[in-house]
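Right, one structure below, let's go through it.
The values are calculated or read from the model by the stated rules, or taken from the named source; none is laboratory data. All values reported here derive from a predicted model rather than from experimental measurement. The accessibility values were calculated without ligands, DNA or RNA, using every heavy atom of the protein model including side chains. Shrake-Rupley method; radii C 1.70, N 1.55, O 1.52, S 1.80 Å.
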Amino acid sequence: MVQNTPPTGSTASSASTASVLSNKGVLAALIVVPVLFLSAIVAFAVWACCKHRLALKNAPQTAPLAMVFTDIESSTMLWEACGDDMGLAVEIHHAIIRKHIEEFGAYE
């Protein structure tokens, strides 16, 4: 009876190849994950910087300067009494204020 057994070196070679491939996968993960993380941080920083610059486009550079504060009178009581409708009321309030901010070139 003849047994087909692989040569001793081929089993070791297969294990060695699997080990190398496994090590390459770990090495790739150790490189790729930090690169992706740093890329995300850089992308967020660029986005935040640009967003800040856009928000400041109408910021006053010289005097005169006026500050406007708004309030929905008795809003706490209204939230308690009409909570379902107050969300819409606040959205309408913000829309009106933002319309005037745009109209007059103001800054929020």
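Residue 72 contributes about 40 Å² of solvent-accessible surface, heavy atoms of the protein only, 1.4 Å probe.
Derived scalar couplings between HN and Hα for segment 35-49 equal 5, 5, 5, 5, 4, 5, 5, 5, 4, 5, 4, 5, 4, 5, 5 Hz in order, rounded to whole Hz, by the Karplus curve 6.51 cos²θ - 1.76 cosθ + 1.60 (θ = phi - 60°), x for Gly and Pro.
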